[in-house]
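The values are calculated or read from the model by the stated rules, or taken from the named source; none is laboratory data. What you see is a predicted model, and the numbers here were worked out from it, not measured in a lab. Ideal geometry is used to build each Cβ from the backbone, glycine not excepted, and the neighbour counts take in all protein chains shown.
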């Protein structure tokens, strides 16, 4: 199936969603977008050397471990 056909099929399925299902889909897409942004930021920080060794993190959060 071509990508265009898959997109049309997805659009047809979305047109059948009720309000609650549409809201769930919107929330999922928003969360995915926020996750992608967060991951991009984390990768950039790691590339710039803004990291902390695991042992230091364990010391900071020892009372919760």
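Remark: residue 46 matches the filter, which requires a residue to be surrounded by 10 or more Cβ atoms within 10 Å (Cβ to Cβ) and assigned to a helix (DSSP H, G or I). Close Cβ contacts (under 9 Å, 6 or more residues apart or on different chains) running from residues in segment 40-52 that are on the phi > 0 side of the Ramachandran plot to residues that are at pLDDT 95 or above and part of a loop (DSSP other than H, G, I, E, B) are absent.
Please count how many residues of segment 14-31 are assigned to a helix (DSSP H, G or I) and surrounded by fewer than 10 Cβ atoms within 10 Å (Cβ to Cβ). Step through it out loud before you land on a result.
Of segment 14-31, the ones assigned to a helix (DSSP H, G or I) are 14-15, 19-31.
Narrowing the set further to residues that are surrounded by fewer than 10 Cβ atoms within 10 Å (Cβ to Cβ) leaves 15, 19-20.
Residues in segment 14-31 being assigned to a helix (DSSP H, G or I) and surrounded by fewer than 10 Cβ atoms within 10 Å (Cβ to Cβ): 3 in total.
Checked against (1) at pLDDT 95 or above; (2) surrounded by fewer than 10 Cβ atoms within 10 Å (Cβ to Cβ), residue 65 passes all but condition (1).
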